[in-house]
């Protein structure tokens, strides 16, 4: 075991020893050197491009619409007649209001987190810039459809 550790340590120090080559001294100018002020060019290059914020006003509006539609779906899911039942297997046939609230909050948190990650991904890849809008929009449409379905059952 000690031999193995010594071999690993020796192999790890070889690249460090190879990098300690002696470098020649800086070359000295032989004559007059013209001095150009290039600091303004470096200032232009040092400025980073302005990146769009991940949580932008558009993001807040889309997530707000998603939250409103999800709330409508979960509120209308709690009004049951005796012969009706929930088809979501995670909630069971007759879920209580607290169970629907906990499930809805956790599901909504997952949807928001996924949209946030998609938007972060789109900031780095131009082809996916608006890809984050698909998931919350589709889920909002689905929540509206389910809320409408639940109100028709009353």
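What follows is calculated from the coordinates using simple rules that are stated; it is not laboratory data. Everything numeric in this text was worked out from a predicted model, so none of it was measured. As a convention, Cβ positions derive from the backbone with ideal geometry for all residues, glycine included, and neighbour counts pool all protein chains shown.
Using Cβ counts within 10 Å as a stand-in for footprinting exposure, how do 73, 97, 83 rank, fewest first?
Ranked by crowding around the Cβ, least crowded first: 83, 97, 73.
Most exposed first by the Cβ proxy, i.e. fewest other Cβ within 10 Å, how do 80, 132, 127 rank? If you can, show how the numbers build up before the last one.
Details: 80 15, 132 23, 127 7.
With the fewest neighbours first, 80, 132, 127 line up as 127, 80, 132.
I need the fraction of alpha carbon pairs in the stretch 65-152 separated by more than 16 Å, rounded to a whole percent.
Working: 2200 of 3828 pairs.
Of all Cα-Cα pairs in the stretch 65-152, 57 percent lie more than 16 Å apart.
Between residue 75 and residue 123, what is the label-point separation in nm under the 7 Å Cα-to-beta-carbon projection?
Each label point lies 7 Å from its Cα, and together they span 3.3 nm.
How do 81, 119 rank when sorted from fewest to most other Cβ atoms within 10 Å of their own Cβ? List each step's numbers first, then the result.
Numbers: 81 8, 119 24.
Listing 81, 119 from fewest to most nearby Cβ atoms yields 81, 119.
Would any residue of the stretch 99-134 have its amide N under 18 Å from a label point 7 Å out along Cα→Cβ of residue 141? List them or say none.
115, 130-134
Suppose each label sits 7 Å from its Cα in the direction of the beta carbon; what would the residue 85-residue 56 distance come out to in nanometres?
Result: 4.7 nm between the two label points.
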